[in-house]
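Have a look at the structure below before the remarks.
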Amino acid sequence: MYKIAVLGDRESVLGFKALGLDVHPAETAEEARKTLHHLARDGETAIIYLTEQFAAEIQDEVAKYKDSVMPAIILIPGKAGALGIGMQNITDSVERAVGADIL
């Protein structure tokens, strides 16, 4: 069975543990980069929820997995609030799939 992981700062991700998701708190962007790479390569993680704050700092690593089927990397707001990166990624994906911006 595939797993769902949540990666971000401790305050943003600990609540997801109550839902039964694999929680991976990171203190630095480099730690988040290493954890993301490990989760993506393990073959067991289908979805990775990543806070926008870390995604902004490790854009190159997130871009490596952008077009891969697994894992799907979904950006979520962190404790500092939304940066709009996640919504922009959704808009870009819909535009690529449909051919026009329908959102």
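The values are calculated or read from the model by the stated rules, or taken from the named source; none is laboratory data. All of these numbers come straight from a predicted model, not from anything done at the bench. When we count neighbours, we look across all protein chains shown, and the Cβ atoms used for this are built from the backbone with ideal geometry, even at glycine. Areas reflect the complete protein model, heavy atoms only, side chains present, ligands, DNA and RNA absent. Shrake-Rupley method; radii C 1.70, N 1.55, O 1.52, S 1.80 Å.
Worth pointing out:
- In the stretch 60-72 there is no residue matching the filter, namely being more than 11 Å from G8 (Cβ to Cβ), among the basic types (K, R) and at pLDDT 90 or above.
- Residue that is modelled with the lowest pLDDT, among those in the stretch 30-52 that are open to solvent by less than 20 Å² (accessible area, probe 1.4 Å) and under 19 Å from K79 (Cβ atoms): E52
- From the options T28, T35, T51, residue that is closer than 14 Å to G8 by Cα and more than 13 Å from the chain's Cα centre (by Cα): T28
- In the stretch 2-17, the residues that are touching a Gly at 6+ places or on another chain (Cβ under 7 Å) and in a loop (DSSP other than H, G, I, E, B): D9
- Failed item, numbered, when E61 is tested on (1) loosely packed, with under 14 Cβ neighbours inside 10 Å; (2) of a type in the set (D, E); (3) in a helix (DSSP H, G or I): (1)
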